[in-house]
Each structure stands twice: as structure tokens, then as C-alpha cells.
Amino acid sequence: MSIDLETARKVANLARIKVDEDRLPAMAESFNTILGFIEELNEVDIEGVEPMVSVMPMRLKRRKDVVTDGGYPEKIMANAPDAREGFFAVPKVVE
Amino acid sequence: MLDAPTTKTPAPKVISGAREDWELVIGMEVHAQVASNAKLFSGASTKFGAEPNSNVAFVDAAMPGMLPVINEFCVEQAVRTGLGMKAKINLFSAFDRKNYFYPDLPQGYQISQLYHPIVGEGEVTVDLAPGVARIVRVERIHLEQDAGKSIHDMDPNMSFVDLNRTGVALMEIVSRPDIRSPEEAAAFMAKIRQILRYLGTCDGNMQEGSMRADVNISVCRPGDYERFREADDFKHLGTRCEIKNMNSMRFIQAAIDVEARRQIAILEDGGEITQETRLYDPDKNETRSMRSKEEAHDYRYFPCPDLLPLVIEQGWVDDIAATLPELPDEKKARFINDFGLSEYDAGVLTADKTSAAYFEQVADGRDGKLAANWVINELFGRLKKEDQTITTSPVSPDQLGGIITLISKGDISGKIAKDLFEIVWNEGGDPAEIVEVRGMKQVTDTGAIEAAVDAVIAANPAQVEKAKANPKLVGFFVGQVMKATGGKANPKAVNEIVSAKLGL
């Protein structure tokens, strides 16, 4: 797989990261280097090997269905650039 | 063993375009909020209607370093729902991140289950009319987080965001494209809601957004759908459009109809359908493209590194299966078999669990058909008129049962029973006692009835002559006798005595 300029532009846009046009070629090249490195892993034969999801043999931790958190709107809103009447206020997003 | 009711498959809806006929093909994704106290991955409350941003934990607000911990109860409800739809339960499932940016999704991704859903294939029988049902295959059910709520009408330039709903557990129930008309789509939604309510896994409250649906619609020419089913190949079907976020049965139907007609007009004009996400506008009765969603359709799913796979044990699934209640289809079949009810009546009585339980208590040890008539016609009719529900009914099952016992014993006539129902509704009390105290008991004493019949015959010689010529007029005498006895005479006895006295 190889990343061209168009793909690099698209990925940047999807990630909402602004990348100037003149920096795109370098970014595409970085992607390709990374992917090339990962592709080396394809050489390993993993036929019949279970995917390892955790280094430690752990079970997914579970919680009981009990309300133990929340109730601190002022903390939730503390970093909001704009808050009004208890809501986060953001530029209008409407379909 | 209950007899499986024989059912017919309904014909698909056909829309005649300007040039040819078209059929509808519909698949639905129903999002049902799990009836849990706390959220899927945080300990914040799920309570509806709280002050904005008060039911939010740092996990929900995506504060750096916060990690999700799964709510075991939500997993149990998903399994329960799967079992209720006769679906395969996957002992191994896993969570993935679905990436997109929207102000009501602070993480920048939704934790969902794309690759390994907790529930696999199942099916739902959608009843459309007595003897007519559509089997809709369920493709999968997965667990995912809900997003927050954006409010657009509080300020002309800003949208206001409330994260209370962010992170609440949803079950997404995905159907195969087996639904063939707007009515079937609404009935499918209703059936899912009924099953969820029986199971208690979701409250099914559409007004509060506990259930919403995305509807996928395409059109095809007659015959194409059968080819699709045979080959299980989507190339036989048209390109679909998805209408997002529908929370009313009425709008679902209207949206499907208007969207199908839009697609037909494009196709007959020689155009092509673009696969896209659309919104339904009930005010204008039209669907329109959600352009912003198009680019974002590239969700770049990947396994959520914060969560290990969810591994559950078969024993636990079996324990959950052992606690499943009798489901609507089984209950309905049992009502038909055990109480001799019509499919229609059984359907009405099993629409919700509370009504079904009420009926069973009324019918216990009594005539099932009579009980069904009284519950459906008298009680439900009255409840509806007074804007009450079965849970607020002033007449208890025991009281209604008491009335039915009095009818069956011949103590009161059907007409008096209605008066008695009225008294019990308004004043309460034990029906048998009321009948006794107020002297409402039917007169079965033939002597008394004979005297009344004699009096009526004596008073109406002209009618006697007519009745002798035309026996159908016997009803006049029966009516007069009933009137004379204040409706308390046993109508059957009156009929017999009148006929005998008139020599008919």
C-alpha cells in the first residue's frame, strides 16, 4: 500500500489536522516509511496463531450498574471556551 | 405443544411510477437505549431530563487519561435481547472505535462493535393482520455509546451541547433488508419495542428518544428481490439511501414513501441513485441529503485499545436464558390455544405485558372468550375514553372477574353487567355484594317472569295477533317484559315463556 498526496490530504482532513499543501509530500512519505516498516511484519507466518490482545492474561474489567459518578457540571464545563446556561456553546451546526 | 399458527407472507408494496412498477426494499437499524441506571462505560446516571451536563463523568467528557470500564448489566441486557430474538450469542465480542467529529461526541469517536458484535443472527416475526406476518431476519445486535444532544434553537448563532446522554448504552438492532412496505417498517419497530418491553431491556419510550431508527431504503423491479434472496447477492437490489434518526412510527412510514418516490423519479428519468445519508423533514414531507455526513462516512474503525475483548461464559448466557419471560409470540399462541381466543383478540391482549397479566387474572377459572370480550370492549374502551391506562384502571382484575362470574352463573344479564361495571368503575366495591344489596339479581323465578309475561300479553292484544302471524315480532314482548322487570329478568327464560304463552 502506498500513500499518495490525495490520500494524505484526505487523512489530514478526516483527522481535522491542518497540513499546508507544501508539507503534504513529506507527510505522505512519512506514512509510506511507517507502512513499509509495518509491512515487514507480514513476512512472519501467523497461520493458526490466536491474536494476542493483552500482554497480561486479564479479563475485561466490569462495573456494577450503580451510579457512582457525575453531578459536577461546573467541573465538566470548567475548560469550555464558551458555556451558556449550563450548555457548551459551539458554532452553529445544523443540517 | 402449541400449534404454530399458519401465516401468509404479505405482498410487497408496489409503487407505480410514470413508466413501470417498483417494489420497496427496506432494512432498519433500531437504536434502543438499555434500561440501565449508569452509562455503558462510566458511573454517571442515565436519568432523563436532568439539568444539562449534570449526568456527566470525566470519562463521558473525554478528559485526558480517563478509561472506560464496562457496565456488566448492559452486557446482560444485550444478551437478553439477543435471546429474545432467538439470536446467536457470541461469547467473544470486542469494541471498536468509530471515528468522526461532532460537537456532541467529545471523544472524537464512538465506541461500538463493528467486527465482533455480541449478538449474531436472529429473527423477528412481524404480525401485520390476523394470519399475515413477515419474518424479518436480524443480522446482528451490538452495544455502543450514545452521543450527546445538540440544541439548535436557543441561540441564532450557536448550538448548545448537553452531554447527559453521551455514553449511555445503546443496543443497535440491525435487520436484513427483509421489510417490504412502510407499514411493515412501522410494524417491525412496534414489534421490536414490544419484545424489548417484555424483556425489560429498554423502556421503548420513543418521545424521550429511548428508541430511534435509521431506515435504509432502495427500490427494485418486481422479481429482483426474489433473485436477491436466492443468491444473497446485493447486485440484484437498487442503491440504498439511509434516513437517519427517526423516532416516530408515523414519520417512518411517511419518510419511506416519499424517499421511494424520489428514487423512482430519478431512475425513471434515467438517473442514478447516489448512496447517501438523508434526513426527513416532516414539515415539508421530503428527505434531503446530509452533506456533512458524506466525507465523515470514512469512519476508520479500529479496535479500541482501551478495552479488552468481552468474553462471556455459556453458563452465564444459560442463566440469563432461564430468566426470560414468556415472549409475545408464545403468549399469543397460548392465549389462542388455552382460552380459545381469536388471533386478533390474543394480539390485542398481549400487546403489552401488563394488559396480558390483567387479562389472565380476569380469565383465571372463568370463560376466556367472555373475559377477553369484557377486557377488550368494556375495559379498554372505557380506559381509552377516560385517557387512562391499564395500570391506573379503577376496576381491578378481581372486580372485573367478579362481574364475569355473575354473568356466567346467570345471576345478572349482560345488560345489567354493563350497569354493574359502571357502578364498580365509579364507586368501587365487590360486584357480588353490589348485586345483592341493590337487588340487581336476574329474576330466574319462572313464576315471577310468567306473571310479567301475562301482564304484557294482556295489555297488548293487537300485538299478540300480529305476533301469531309473524313470530319474529316476539321480540316486542321480550322487550316489554325486560322493561317491566327493570332488565332483571333472564332474557333466555323470558324468550321461552313468551313463545310458549303465544303458542309459537
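Within region A:36-95, restricting attention to residues that are closer than 30 Å to B:Asp155 by Cα and of a type in the set (Asp, Glu), which residue is farthest from the other protein chains (Cβ to nearest Cβ)?
Selected residue: A:Glu74.
Pick from B:Glu184, B:Glu259: which is assigned by TED's automatic domain parsing to the domain that holds B:Ala35 and under 13 Å from the mean Cα position of the chain (by Cα)? Steps first, please.
On the way: B:Glu259 fails: under 13 Å from the mean Cα position of the chain (by Cα).
Of B:Glu184, B:Glu259, the one residue that is assigned by TED's automatic domain parsing to the domain that holds B:Ala35 and under 13 Å from the mean Cα position of the chain (by Cα) is B:Glu184.
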Among (1) open to solvent by 60 Å² or more (accessible area, probe 1.4 Å); (2) touching a helix residue (DSSP H, G or I) at 6+ places or on another chain (Cβ under 7 Å); (3) over 30 Å from B:Arg278 (Cα atoms), which single condition is A:Leu24 missing? (1)
Of everything in region B:187-211 that's closer than 18 Å to B:Ala356 by Cβ, under 10 Å from the mean Cα position of the chain (by Cα) and among the small types (Gly, Ala, Ser), which residue is most open to solvent (accessible area, probe 1.4 Å)? B:Ala190
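To keep it simple, each residue is scored yes or no on (1) at pLDDT below 95; (2) touching a helix residue (DSSP H, G or I) at 6+ places or on another chain (Cβ under 8 Å); (3) within 30 Å of B:Phe41 (Cβ to Cβ).
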residue	(1), (2), (3)
B:Asp283	yes, no, no
B:Arg288	yes, no, no
B:Arg291	yes, no, no
B:Glu294	yes, no, yes
B:His297	yes, no, yes
B:Pro305	yes, no, yes
B:Ile320	no, yes, yes
B:Asp329	no, no, no
Tell me yes or no: at least one residue of region B:248-255 is in the same structural domain as B:Lys191 (by TED's automatic domain parsing), modelled with pLDDT under 95 and outside any helix (DSSP H, G or I). yes
Going through B:Gly414, B:Gly410, B:Gly439 one at a time, which residue ends up being under 17 Å from B:Met482 (Cβ atoms), in the same structural domain as B:Gln388 (by TED's automatic domain parsing) and exposed (fewer than 13 other Cβ atoms within 10 Å of the Cβ)? B:Gly414
Answer yes or no: is there a residue in region B:117-134 that is within 13 Å of chain A (Cβ to nearest Cβ), touching a residue at least 40 places away in the same chain (Cβ under 8 Å) and either open to solvent by 10 Å² or more (accessible area, probe 1.4 Å) or not in a helix (DSSP H, G or I) (or both). yes
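Collect the residues in region B:369-418 that are among the acidic types (Asp, Glu) and part of a helix (DSSP H, G or I), keeping them in residue-number order. Explain how you work it out, then say what you get.
Step one: filter region B:369-418 for residues among the acidic types (Asp, Glu), giving B:378, B:386-387, B:398, B:411.
B:Glu378, B:Asp398 - these are the residues of region B:369-418 that are among the acidic types (Asp, Glu) and part of a helix (DSSP H, G or I).
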Mind listing whichever residues of region B:158-189 are assigned to a strand (DSSP E or B), under 21 Å from B:Pro106 (Cα atoms) and not small (Gly, Ala, Ser)? B:Met158, B:Phe160, B:Val161, B:Asp162, B:Leu170, B:Met171, B:Glu172
Cβ-Cβ under 9 Å pairs, at least 6 apart or on other chains, region B:231-243 side free of Cβ contacts under 8 Å to residues at least 60 places away in the same chain, far side among the aromatic types (Phe, Trp, Tyr): B:Phe234/B:Phe228; B:Lys235/B:Phe228; B:His236/B:Tyr225; B:His236/B:Phe228; B:Ile243/B:Tyr280
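Quick test for you: out of A:Ala28, A:Ala8, A:Ala12, pick the one residue that is in contact (Cβ under 8 Å) with a residue 12 or more places away in the chain, in contact with a Phe, Trp or Tyr (Cβ under 7 Å, 6 or more places away or on another chain), more than 9 Å from every other protein chain (Cβ to nearest Cβ) and assigned to a helix (DSSP H, G or I).
Details: A:Ala28 fails: in contact with a Phe, Trp or Tyr (Cβ under 7 Å, 6 or more places away or on another chain); A:Ala12 fails: in contact with a Phe, Trp or Tyr (Cβ under 7 Å, 6 or more places away or on another chain).
None of the others qualify; the one that does is A:Ala8.
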Any idea how many residues of region B:77-107 are within 10 Å of chain A (Cβ to nearest Cβ), within 15 Å of B:Glu144 (Cβ to Cβ) and in a loop (DSSP other than H, G, I, E, B)? 5
Could you grab me the full set of residues in region A:70-95 that are part of a loop (DSSP other than H, G, I, E, B), farther than 15 Å from B:Lys149 by Cβ and open to solvent by less than 40 Å² (accessible area, probe 1.4 Å)? A:Gly70, A:Tyr72, A:Ala80
I need a count of the residues in region B:37-73 that are in contact with a Ser or Thr (Cβ under 8 Å, 6 or more places away or on another chain), open to solvent by 10 Å² or more (accessible area, probe 1.4 Å), within 7 Å of another protein chain (Cβ to nearest Cβ) and assigned to a loop (DSSP other than H, G, I, E, B). 4
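The values are calculated or read from the model by the stated rules, or taken from the named source; none is laboratory data. Just so we're clear, the structure is a prediction, and the values are computed from it rather than from any experiment. With ideal geometry, Cβ positions are generated from the backbone for all residues, glycine too; neighbour counts draw on all protein chains shown. Ligands, DNA and RNA are excluded from the accessible area calculation, which covers all protein heavy atoms including side chains. Shrake-Rupley method; radii C 1.70, N 1.55, O 1.52, S 1.80 Å.
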